[in-house]
Amino acid sequence: MSVTRDIVATYKGPGRVVARMVARGPREDRALVILMIGCVLVFVAQWPRLARQAYMTGEELDMLLGGTLLAWLFIMPLLLYVMAFIVHVGARAFGGKGTGYGARLSLFWALLASSPVLLFHGLVAGFIGGGPVLDGVGLLWLMLFAWFWIAALVRVEWGMTDDSA
């Protein structure tokens, strides 16, 4: 299945999509590509907000973009690998039978699959600015990200299946 179809399918059942990916076998290159594309999309989602910030405050846009690039393409991938490891170890402590690859893939896929809402969040931040609309879109993204990650993690660690996972 193509990535865009998998993203759309994730909004119907995130656990099924990630379980299908894990069933293809552990491919760390695939997980890394999913992570890096997700981080690039988060970086791109920041552009409108940073452009607005640079215009409003007089800061250099290049400096803001450079710091965000460093954060999202070099530091966050490492932190997300550590986060996936910690969650996997915690899941094992509670009886999880999955692999580290499945835990990583569930986190990385949640980031990539929720990125369309995050891109919208960036547009709202850039064109409207702070306020209830930005907060609402941010909350929507956070809830989607959490749902995708938790549903996929439950599926790969404990093998639980239901219609929402």
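Every residue, every condition in (1) of a type in the set (S, T, N, Q); (2) under 15 Å from the mean Cα position of the chain (by Cα), yes or no:
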position	(1), (2)
Thr4	yes, yes
Leu35	no, yes
Pro48	no, no
Asp62	no, no
Gly66	no, no
Ala71	no, yes
Met76	no, yes
Phe85	no, no
His88	no, no
Legend entry - Condition check for Arg92: within 13 Å of the chain's Cα centre (by Cα) and of a type in the set (D, E, K, R): no
Inset, instruction - Just give me the residues in the stretch 23-61 being open to solvent by less than 40 Å² (accessible area, probe 1.4 Å) and over 22 Å from Asp135 (Cα atoms), in sequence order. - result: Gly25, Ala31, Ile34, Leu35
Legend entry - Where Arg155 falls short, out of the listed (1) open to solvent by less than 20 Å² (accessible area, probe 1.4 Å); (2) within 19 Å of the chain's Cα centre (by Cα): (1)
Inset, instruction - Please name all residue pairs, on different chains or six or more residues apart, with Cβ atoms under 6 Å, provided the first residue is in the stretch 88-105 and is in contact (Cβ under 8 Å) with a residue 40 or more places away in the chain and the second residue is part of a loop (DSSP other than H, G, I, E, B) and surrounded by 12 or more Cβ atoms within 10 Å (Cβ to Cβ). - result: Tyr101/Pro26
Legend entry - Candidates Phe148, Phe120, Phe85, filtered to the one that is at pLDDT 95 or above, touching a Pro at 6+ places or on another chain (Cβ under 6 Å) and among the aromatic types (Phe, Trp, Tyr): Phe148
Legend entry - Test result for Val117, among the β-branched types (Val, Ile, Thr), surrounded by 15 or more Cβ atoms within 10 Å (Cβ to Cβ) and in contact with a Phe, Trp or Tyr (Cβ under 6 Å, 6 or more places away or on another chain): yes
Legend entry - Those residues of the stretch 20-32 which are of a type in the set (A, V, I, L, M) and either closer than 11 Å to Trp109 by Cβ or touching a Pro at 6+ places or on another chain (Cβ under 9 Å) (or both), in sequence order: Met21, Val22, Ala31, Leu32
Inset, instruction - Please verify whether the stretch 73-95 includes one or more residues that are closer than 20 Å to Arg16 by Cβ and among the hydroxyl-bearing types (Ser, Thr, Tyr). - result: no
Inset, instruction - Could you pull out the residue among Leu64, Leu111 that is buried (at least 16 other Cβ atoms within 10 Å of the Cβ) and either over 28 Å from Ala9 (Cβ atoms) or small (Gly, Ala, Ser) (or both)? - result: Leu64
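The values are calculated or read from the model by the stated rules, or taken from the named source; none is laboratory data. All of these numbers come straight from a predicted model, not from anything done at the bench. Neighbour counts are summed over all protein chains in view; Cβ atoms, including those assigned to glycine, are modelled from backbone coordinates with ideal geometry. Remember, those area values only see protein heavy atoms, side chains included, never the ligands or the DNA or RNA. Shrake-Rupley method; radii C 1.70, N 1.55, O 1.52, S 1.80 Å.
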